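Undergrad: This is the structure I have questions about; it appears just below.
Each reported figure results from applying straightforward, stated rules to the coordinates on display, with no laboratory input. These numbers come from a predicted model, not from an experiment. Cβ coordinates were reconstructed from backbone atoms using ideal geometry, including for glycine residues, and neighbour counts include every protein chain displayed.
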Amino acid sequence: MTEVIKKVSIVGMGFVGLTTAAFFASRGVSVIGIDIDNEKIQKIRKATLPFYEENLEPLLQTILQKGLLRLTTAYEPAITKTNMSMIAVGTPSDAQGQIDLRYVVAAAHSIGQSLKRKENWHLVVIKSTVIPGTTRKVVGKIITKESGKTVGCDFGLCVNPEFLREGSALKDSMNPDRVVIGENDDKSGRMLEAFYETIYQGQTKILRYNLETAEMVKYVANSFLALKISYANEIANICEKIPGVDVCEVMKGVTTDFRINPYFFGAGVGFGGSCLPKDVSALLNFAKKHGYSASLLQGILQVNSHQPHHVVKIVKTALGGLKDKKIAILGLAFKKNTDDIREAPSIKLIKQLRDKGANKVFVTDPKAEKEAMRILHNIVNFGSVEECLNQAAACILVTDWPEYTNIPPKTFQSLMVEPRLLLDGRRCYDPSSYDGEVTYRGIGLSDASKT
Ligand code: UGA
């Protein structure tokens, strides 16, 4: 009899795990979400998200009402009642920038112990981003040891990296460019492929590889996105030195070449978030551990960590010093549509400004203030857009929330004080809308280029 996966347990109710759980449930799959954090489980049971993600809360309410998503802190009953378990726990960086597998290891132990008494075949799938070799040599081995069962025979093993972006996670889940499956054995791959064929009704490309290739696909994709951004930022910084040149125009010219697409090529204050920085760093360290010095990967991080310094230098030069000058920061989240400030350029920028003498920094964000307060409460002032801009000598747009990109030039003009420096860190405003009253500066736009 051909087995079909209809019931899924997902370990880790963080951003990836919960979004995936909600999406599968919305397709009629019966899902059990597992997390060791009881407070989080209680919150989700009440249809409250532990983080901000557009459109997810209403969906959560619906699937909870329909009984399609159940939540627990207990592994064994959840594993026993389902035929596939996905591990979607975090894989942060350790102090040296290497991948920290402690949560993956803990989840593998618990799944292994829970499988001991399970009679039927069970598929274990790693969704977390893990360095090549982890699924086979760490997860597979732990489950084998703990359960006393044989991988590829009593239980299946796959890795299935996710490509969701915070802020558009549901949309990305519904319309992925591809599903990547790394399989330990043919049955495991076939079963997971069949599961996704049902979920996507055959509308999505499914790519099957061995475990290590699939693990590598995820790192190479995220590193390449980071590479594009750092390349755009490096070119932007060079463009600023050439009178009459604007990086946006240069990139338009470059991306008309069919070989170079325009996505993720936007110059700005640098990339942040919980994925791009840590994944480049993990791949770099993995290469180093294996005797290869990956200088290009190193360069991606170097350019990225330089970008906040670059921004501070522009502001300091324009204001003739930072002490006692009011500086407004628009946006704290690492990108719009999220409340996440992990590795956010805003935090690095603010710390740099403070180090260089700024003592009157005012910040605002529609969603990330609560998180940011924990780190910044004693070094900046929080306020509304008006409160931040009022009497400010400089304003830096860090996150491209529509609330900020829609601010008309006259607002900056009327609220701010000389020299009214507006530093467009996301290239969202039209430089030609600013006359001499507001000193407009854009990343990648030479001072003399403004028309
Ligand atoms: C990233 C990847 O885009 C996802 O495909 C992947 O699934 C995810 O990591 C992950 O590994 O879990 P995410 O971290 O949510 O997603 O954020 P991105 O949309 O990739 O943005 C990352 C950073 O790059 C942000 O700070 C953003 O502002 C910056 N960025 C993006 C630029 O500076 N310029 C651009 O042109 C695009």
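Undergrad: Could you give the size of the charge dipole of segment 126-281 about its Cα centre, using +1 on the Cβ of each K and R and -1 on the Cβ of each D and E, expressed in debye and rounded to the nearest 20?
TA: 320 debye
Undergrad: Quick one: P(r) of segment 318-411 from all Cα-Cα pairs, 10 Å bins, percents rounded to integers, in order of increasing distance.
TA: 18, 54, 27, 1
Undergrad: Please report, in debye to the nearest 20, how large the charge dipole of the chain is about its Cα centre when each Lys and Arg carries +1 at its beta carbon and each Asp and Glu carries -1 there. Can you show the working numbers first?
TA: Details: 57 positive and 48 negative charges, 180 e Å.
For the chain, the charge dipole is close to 860 debye.
Undergrad: Hey, what's the Kirkwood Rh for segment 354-451 if you take every pair of different alpha carbons, in angstrom? Mind showing how you got there, number by number?
TA: On the way: mean 1/r = 0.0704 Å⁻¹.
Computed over Cα pairs of segment 354-451, the Kirkwood hydrodynamic radius comes out at 14.2 Å.
Undergrad: Turning to a different aspect of this structure: At 10 °C and 1.306 mPa s, what whole-number value in µm²/s does Stokes-Einstein give for the translational diffusion of the chain, with Rh from the Kirkwood sum over Cα pairs?
TA: Details: Rh = 23.6 Å.
Estimated via Stokes-Einstein, D reaches 67 µm²/s.
Undergrad: I would also like to ask the following. Order 38-45, 246-253, 277-284 from most to least packed using the mean count of other Cβ atoms within 10 Å.
TA: 277-284, 246-253, 38-45
Undergrad: So what's the back-of-envelope 222 nm ellipticity for the chain, counting only DSSP H runs of four-plus at -39500 (n - 2.57) apiece and dividing by all residues, rounded to 500? Spell out each step's value before the answer.
TA: On the way: 17 runs with 190 residues, N = 451.
Rounded to the nearest 500, the figure is -13000 deg cm²/dmol.
Undergrad: With point charges of +1 on the Cβ of Lys and Arg and -1 on the Cβ of Asp and Glu, referenced to the Cα centre of segment 1-112, which listed residue (Ile63, Met86, Ser110) lies farthest in the positive direction of the dipole?
TA: In segment 1-112, that residue is Ile63.
Undergrad: Relative contact order for the chain: what is it in percent, counting Cα pairs under 8 Å that are at least 6 residues apart? Show your work: numbers first, answer last.
TA: Values: 894 pairs, mean separation 54.3, N = 451.
Averaging sequence separation for qualifying contacts and normalising by length gives 12 percent for the chain.
Undergrad: Picking from Ala221, Cys428, Met416, whose Cα lies most toward the positive end of the charge dipole for the chain (charges on Cβ: Lys, Arg +1; Asp, Glu -1)?
TA: Of the candidates, Ala221 comes out farthest on the positive side.
Undergrad: Taking the Cα atoms of segment 162-221, what is the range of coordinates along each of the three principal axes, in descending order and whole Å?
TA: Rounded to whole Å, the extents work out to 34, 28, 13 Å.
Undergrad: Oh, and also: Which values of log₁₀ I(q)/I(0), to two decimal places, follow from the Debye formula for segment 315-358 at q = 0.21, 0.28, 0.33 Å⁻¹ with a uniform point scatterer at every Cα?
TA: Taking Cα atoms of segment 315-358 as identical point scatterers yields -0.71, -0.97, -1.16.
Undergrad: For a 27 Å ceiling on Cα separation, which of these pairs sit above it: Lys43/Lys149; Lys149/Lys171; Lys43/Lys187; Lys40/Lys66; Lys252/Lys326?
TA: Numbers: Lys43/Lys149 35 Å; Lys149/Lys171 38 Å; Lys43/Lys187 37 Å; Lys40/Lys66 20 Å; Lys252/Lys326 35 Å.
Check vs 27 Å cut-off fails for Lys43/Lys149; Lys149/Lys171; Lys43/Lys187; Lys252/Lys326.
Undergrad: What value does segment 5-107 have for Rg/Rh, both radii from Cα atoms and Rh as Kirkwood defines it? Don't skip to the answer; put the middle values down first.
TA: Numbers: Rg = 13.6 Å, Rh = 13.9 Å.
Reported Rg/Rh, Kirkwood definition of Rh: 0.98.
Undergrad: Shifting gears a bit: Would you kindly work out the equivalent ellipsoid of segment 156-272 from its C-alpha gyration tensor and give its semi-axes, the square roots of five times the eigenvalues, largest first in whole Å? Could you put the intermediate results ahead of the total?
TA: Working: eigenvalues 273, 42, 28 Å².
Semi-axes, largest first: 37, 14, 12 Å.
Undergrad: Would you list, by chain and number, the aspartates and glutamates whose Cα falls below 14 Å from the Cα of Lys141, excluding same-chain residues fewer than 8 positions away?
TA: Output for Lys141: Asp154.
Undergrad: Shifting gears a bit: Output the DSSP H helices from the chain with an along-axis C-alpha extent of no less than 18 Å and a mean Kyte-Doolittle hydropathy no less than 0.5.
TA: 102-115, 211-239
Undergrad: Moving to a separate point now. Work out how much length Thr48 to His309 would gain on full extension: take 0.36 nm times their residue separation and subtract the Cα-Cα distance, in nm to one decimal. Could you put the intermediate results ahead of the total?
TA: Working: separation 261, 0.36 × 261 = 93.96 nm, distance 3.82 nm.
Net length gain for the segment: 90.1 nm.
Undergrad: Mean projection of the alpha-carbon convex hull of segment 207-300 over all orientations, in nm²? Please list the in-between numbers first.
TA: Numbers: hull surface 30.9 nm².
Averaged projected hull area, Cα only: 7.7 nm².
Undergrad: Follow-up question, since we're still on this one. Work from the charge dipole of segment 308-348 (Cβ charges, +1 for Lys and Arg, -1 for Asp and Glu, about the Cα centre) and give the residue of Ile314, Pro345, Ile329 farthest towards its positive end.
TA: Ile314
Undergrad: Size of the dipole of segment 308-451 about the Cα centre, Lys and Arg at +1 and Asp and Glu at -1 on the beta carbon, nothing else charged, in debye to 20?
TA: Values: 22 positive and 18 negative charges, 104 e Å.
So the dipole magnitude of segment 308-451 works out to roughly 500 debye.
Undergrad: Let me ask another. Fewest first, what order do Phe412, Phe258, Phe334 take by the number of other Cβ atoms within 10 Å?
TA: On the way: Phe412 22, Phe258 6, Phe334 29.
Going from sparsest to densest Cβ surroundings: Phe258, Phe412, Phe334.
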